[in-house]
Amino acid sequence: MPIRPMTRRTRTLLSALPVGAAVCQLALAWPAQAASIWTGDASGGTSVFGLLNCDAPGTITTVNDAQRGTIWKYSKPSGSNRCESHGIKVDGAKYTFQNGKTYWFGWSSKLSSTVDNNANFQWKSYGDHIQNWPVVLKMIGGRATVIQRQPDGNV
């Protein structure tokens with residue numbers, strides 16, 4: 001079943017609803033036939049990522065979580081510039097996200113600090129795209145914050 005774009009009527013209705021209700025409406029509207037193209041399953045090793053960029057002494061390792069099993073652990077000590085993974089690999093090759101397609105991202109984090117930061121998750125666009133970072137999850141003022149940047153650069 002193809003994913004249909006949201007109509008103006010649906011967008012207007014959702015904008016009038018409280019945030020929780022809007023999220024519920026969007027979740028219920030998601031097609032059941034959506035296919036998974038990638039999983040960041042830590043048991044697959046770091047080869048699931050397109051590239052690792054983690055300055056020493058930072059590390060990207062796996063640890064066991066009582067609720068989720070084997071998970072990724074990014075350790076970025078204070079003063080270290082970066083510790084991140086860039087992009088994903090699908091069938092062993094770096095994946096290029098396509099304009100005009102709809103993607104669903106699931107994300108879970110446990111943070112050891114809630115100080116302001118650059119990003120806990122940043123979806124970067126590589127290649128010839130109009131958005132450098134469409135979506136960022138970061139800490140601002142002790143709160144987890146989602147920022148969605150429009151193609152014209154407005155946040």
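The values are calculated or read from the model by the stated rules, or taken from the named source; none is laboratory data. Everything quoted here is computed from the prediction, not taken from an experiment. All Cβ positions, even for glycine, are placed from backbone atoms using ideal geometry, and neighbour counts span all protein chains on display.
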Task: Close pairs from segment 130-154: first under 16 Å from Ser85 (Cα atoms), partner surrounded by 12 or more Cβ atoms within 10 Å (Cβ to Cβ) and of a type in the set (Asp, Glu), Cβ under 7 Å, at least 6 apart - done: none
Task: Lone qualifier among Val48, Val90, Val115 - being in contact with a Phe, Trp or Tyr (Cβ under 6 Å, 6 or more places away or on another chain) and in contact (Cβ under 8 Å) with a residue 12 or more places away in the chain - done: Val90
TODO: Could you list all residues from segment 103-138 that are out of contact with any Leu (no Cβ under 8 Å at 6 or more places or on another chain) and not in a loop (DSSP other than H, G, I, E, B)?
DONE: Trp123, Val135, Val136, Leu137, Lys138
Task: Per-region count, segment 67-102, residues surrounded by 12 or more Cβ atoms within 10 Å (Cβ to Cβ), on the phi > 0 side of the Ramachandran plot and not in a strand (DSSP E or B) - done: 0
TODO: Test Thr114 against the stated conditions and say whether it is within 22 Å of Pro134 (Cβ to Cβ), modelled with pLDDT of 50 or more and either of a type in the set (S, T, N, Q) or exposed (fewer than 14 other Cβ atoms within 10 Å of the Cβ) (or both).
DONE: no
